[in-house]
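Any read-out appearing in this document is the output of simple, stated calculations on the displayed coordinates, not a laboratory observation. Just so it is clear, the model here is predicted, and its values are computed rather than measured. Heads up, the Cβs are rebuilt from the backbone with ideal geometry, glycines too, and the neighbour counts pull from every protein chain shown.
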């Protein structure tokens with residue numbers, strides 16, 4: 001079965017650079033969530049989209065922005081990268097309807113040097 | 001903020017049942033109990049969820065107390081591959097309701 005696809009799997013950037021992470025949800029899933037997981041930390045919710053509109057926002061820095069496109073894939077844009085942005089970034093998707101579960105991708109490991 | 005309380009860590013012998021408790025005393029009537037696990041640095045994996053009735057699937061069983069203030073995830077025959085951090089989450093099961101991860105339980109399966 002198709003899963004949530006994230007790209008790239010690994011990314012190395014220098015401080016003050018920009019990074020773009022991509023997430024391709026499971027087909028027919030209309031909701032996408034982004035999470036950040038620092039070393040030794042639990043996943044922290046950043047932002048979510050439902051039907052291409054932002055539906056909720058967590059502790060996402062102002063330097064980060066995200067959007068969901070017409071094909072439901074989503075991109076997380078990160079600017080002015082800092083060393084503390086080094087983390088695993090997970091995307092999850094869930095389908096239409098009630099009583100649903102969210103499925104996570106394998107993540108993008110971002111290293112800022 | 002996370003609405004659940006779980007033990008920080010637990011051990012279980014391989015082949016035995018692993019019983020992971022979770023307290024969610026402030027759960028609302030429209031909130032479900034979800035369980036996810038994360039095997040080292042992989043994406044969190046959905047295990048099971050339920051509202052008030054006990055649930056079972058190919059991975060685990062979920063036992064929810066009658067007052068819904070606590071639950072137990074049961075892995076019937078634990079294997080080394082079940083070593084992971086297990087998260088108990090309460091969540092309104094609307095399509096766009098976010099998942100808030102708490103501290104979770106680090107489960108060690110011992111050979």
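Being touching a residue at least 60 places away in the same chain (Cβ under 8 Å), away from chain B (no Cβ under 11 Å) and part of a strand (DSSP E or B): is that true of residue A:21 here?
Details: touching a residue at least 60 places away in the same chain (Cβ under 8 Å): yes; away from chain B (no Cβ under 11 Å): yes; part of a strand (DSSP E or B): yes.
Yes, satisfied.
Return a yes/no flag: does the stretch B:92-104 have any residue that is free of Cβ contacts under 8 Å to residues at least 12 places away in the same chain, buried (at least 17 other Cβ atoms within 10 Å of the Cβ) and over 30 Å from residue A:10 (Cβ atoms).
There is at least one residue in the stretch B:92-104 that is free of Cβ contacts under 8 Å to residues at least 12 places away in the same chain, buried (at least 17 other Cβ atoms within 10 Å of the Cβ) and over 30 Å from residue A:10 (Cβ atoms).
From B:47, B:74, B:39, which residue is buried (at least 18 other Cβ atoms within 10 Å of the Cβ) and either under 12 Å from the mean Cα position of the chain (by Cα) or within 24 Å of residue A:43 (Cβ to Cβ) (or both)?
That would be B:47, the only listed residue that is buried (at least 18 other Cβ atoms within 10 Å of the Cβ) and either under 12 Å from the mean Cα position of the chain (by Cα) or within 24 Å of residue A:43 (Cβ to Cβ) (or both).
Within the stretch A:26-104, considering only strands (runs of 3 or more DSSP E) that don't extend past its boundaries, which have at least 1 residues that are facing chain B (nearest Cβ under 10 Å) and buried (at least 17 other Cβ atoms within 10 Å of the Cβ)?
A:29-37, A:44-50, A:53-57, A:87-95
Can you pull out every residue in the stretch A:9-21 that is surrounded by fewer than 16 Cβ atoms within 10 Å (Cβ to Cβ) and either more than 22 Å from residue B:46 (Cβ to Cβ) or over 15 Å from the mean Cα position of the chain (by Cα) (or both)?
A:10, A:12, A:14, A:15, A:16, A:17, A:18, A:20, listed by residue number.
Looking only at the stretch B:21-34, filter to residues that are assigned to a loop (DSSP other than H, G, I, E, B) and over 13 Å from the mean Cα position of the chain (by Cα); which one of those is nearest to residue B:97 (Cα to Cα)? Spell out the reasoning first.
Just the residues of the stretch B:21-34 that are assigned to a loop (DSSP other than H, G, I, E, B), to begin with: B:24-30.
Keeping just the survivors that are over 13 Å from the mean Cα position of the chain (by Cα) gives B:25-30.
Working: B:25: 20, B:26: 18, B:27: 15, B:28: 14, B:29: 15, B:30: 12 Å.
Across the stretch B:21-34, the extreme among qualifying residues is B:30.
With respect to residue A:6, determine if the residue is within 14 Å of chain B (Cβ to nearest Cβ), crowded, with 20+ Cβ neighbours inside 10 Å and in contact with a helix residue (DSSP H, G or I) (Cβ under 9 Å, 6 or more places away or on another chain).
No.
So which residues in the stretch B:1-21 are crowded, with 19+ Cβ neighbours inside 10 Å and more than 20 Å from residue A:44 (Cα to Cα), if there are any at all?
Selection gives B:18, B:20.
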